[in-house]
Amino acid sequence: MADSAAHFDIDMSQGTLKLVPRGDWRARFLGDLDDDLRDFADDSIGRDLVIDMSRVDRLDTVGAMMLQRTMHCCSNRGTESQFTGANEAQAALLAQVESHLQPCHVEPTHSNPFLAVVNRLGKGVADAYYAALEVMSFVGRTLSTAGRVALQPQRMRWTSTVYHMEEAGLNAMPIIGLMSFLIGAVVAYMGAKILSMFNADIFTVELVGISVLREFGVLLSAILIAGRSGSAFTAQIGSMKIREEIDAMKVLGLDPMEVLVLPRVIALVIMLPILALVAAVLGVVGGGLVAATAMDISPALFVARFQETIVINHFWAGLIKAPFFAFVIAIIGCFQGMEVEGSAESLGQRTTLSVVQSLFLVIVIDAFFAMFYLEIDF
């Protein structure tokens, strides 16, 4: 049968609105017909509709979607609203595309730029609110899973936990150690330039010791882990989500929270304090090296002054924050991985969100601890 141009007729002879598509209803022939079909659908809202498929020569997915869209524009569909005259293949295609009818949300255009900014700001606040609720729900699921595993220790996956301790923690030690050493050296060098103006070079020891032990050591470690390991958690779990491996776990009776999330959280909570300790030590060493070379403060004098003026509270003030940072980084990384949908674009967006949200929350928690320490004079 020769292809004929796609068109449609409207028949109301029997009292029921009937749409009779004719010809070749494939994508290449439907471009000019879409506006007419939309106009017909707008005029038919709230009415019963019968679509007679008996005159359709060929039908593809685009044509089926357009016809189903037209059918669904009738908001008060009754028993008379139906497809008739479709052969077996057409009926199967129409049924398949019906479950995928999702209207695209079109952002309204704003002639007033101020209203556009306010609208976007409001949408961002609402999205942040719902995202916060979802993260809190995920935290609750993680803690409940941890409680269940604590009551049944045989369910704990120690092999996976140790693997992530090595991958996310031990393998990150060289870069964290190097960065901390350089940060300590930079802090000491900046202090040397300023303090030498007041003949107070010796106070470089306090500057390096307090800043590295309380802030720079643990904060730098958390930032690097968020960018390195937190994003890796999202990418790993997101890839499994795309390949439907998580669905396969559920079919096998395995809990993804217990298999994927809990080992990563525990591994990071254990390893980040260790990394923070290493970072603090190497930061102080870097500062001491600069003090010895640029300020003529011998290592022996540096150590003696350090022991005399730096109390242990500065060390604990920094180390106490590490488990909180680790928990937040692991939770955000795993949560964003679980939220990945079936596309590479979604995986990239969630990985970016994982890093951004982790860094934001780390800074917020660090600010909270700073205010808390100030109030308790710690």
Note on the range 320-378: residues hydroxyl-bearing (Ser, Thr, Tyr) and not in a helix (DSSP H, G or I) are 343
Within the range 298-326, the residues that are farther than 28 Å from residue 224 by Cα, open to solvent by less than 70 Å² (accessible area, probe 1.4 Å) and polar (S, T, N, Q) are 298, 309
For the range 214-255, how many residues meet the condition of being open to solvent by 10 Å² or more (accessible area, probe 1.4 Å) and either assigned to a helix (DSSP H, G or I) or without any contact (Cβ under 8 Å) to a residue 24 or more places away in the chain (or both)?
28
Within the range 145-187, can you find the residues that are modelled with pLDDT of 90 or more and among the small types (Gly, Ala, Ser)?
146, 147, 150, 160, 172, 177, 180, 184, 185
Filter the range 285-297 down to the residues that are free of Cβ contacts under 8 Å to residues at least 24 places away in the same chain and either in contact with a Phe, Trp or Tyr (Cβ under 7 Å, 6 or more places away or on another chain) or open to solvent by less than 60 Å² (accessible area, probe 1.4 Å) (or both) and list them by number.
292
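Limited to the range 12-57, what total is found for residues that are of a type outside the set (Phe, Trp, Tyr), outside any helix (DSSP H, G or I) and either in contact (Cβ under 8 Å) with a residue 40 or more places away in the chain or open to solvent by less than 40 Å² (accessible area, probe 1.4 Å) (or both)? Walk me through how you get there before you give the answer.
First, the residues of the range 12-57 that are of a type outside the set (Phe, Trp, Tyr): 12-24, 26-28, 30-39, 41-57.
So of that shortlist, the ones also outside any helix (DSSP H, G or I) come out as 12-24, 26, 30-33, 44-57.
Going one step further and asking which of them are either in contact (Cβ under 8 Å) with a residue 40 or more places away in the chain or open to solvent by less than 40 Å² (accessible area, probe 1.4 Å) (or both), we end up with 16-17, 19-21, 23-24, 30, 33, 44, 46, 49-53, 56-57.
Adding up the residues that qualify gives 18.
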Filter the range 327-355 down to the residues that are free of Cβ contacts under 8 Å to residues at least 40 places away in the same chain and open to solvent by less than 40 Å² (accessible area, probe 1.4 Å) and list them by number.
328, 348
Among the residues of the range 150-205, which ones are more than 30 Å from residue 334 (Cα to Cα) and outside any helix (DSSP H, G or I)?
199, 200
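The values are calculated or read from the model by the stated rules, or taken from the named source; none is laboratory data. None of these values were measured; they are calculated from a predicted model. Note that each Cβ is placed from the backbone with ideal geometry, even for glycine, and that neighbours are counted across all protein chains shown. We work out accessible area using only protein heavy atoms, side chains counted, and drop any ligands, DNA or RNA first. Shrake-Rupley method; radii C 1.70, N 1.55, O 1.52, S 1.80 Å.
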